[in-house]
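Nothing in this text is a laboratory measurement; each read-out follows from the coordinates by a stated rule. On a predicted model such as this, the values are computed, not experimentally measured, just so you know. Methodologically, a virtual Cβ is constructed for each residue, glycine included, from the backbone with ideal geometry; neighbour enumeration extends over all protein chains shown.
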Amino acid sequence: MFGPRLNRVFASRANALWWSAMVLVTAYCVAADPPAEVAPAPDAAVAHAGEKSGDPWAAMKDVAKKRQELLR
């Protein structure tokens with residue numbers, strides 16, 4: 001569908017190496033930068049530690065904790 005046909009890519013060793021190198025370059029260019037190091041949160045702010053570290057699931061974890069507290 002996209003890109004060259006596989007039997008053309010792997011027709012020679014040089015084509016296969018070029019194709020795999022371009023896949024690695026694409027992955028390197030697309031990957032996000034690693035998050036900056038965050039100092040450990042104090043015990044009082046553990047509930048909001050996800051917001052500081054960039055955890056995309058922090059809000060869902062808070063909702064799950066609140067639901068568990070309500071069900072008790």
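Numbers at a glance
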| read-out | value |
| --- | --- |
| Euclidean distance of C-alpha centroids, the range 57-72 and the range 6-26, integer Å | 48 |
| Virtual spin-label span in nm between Arg67 and Asn7, 7 Å along Cα→Cβ | 5.2 |
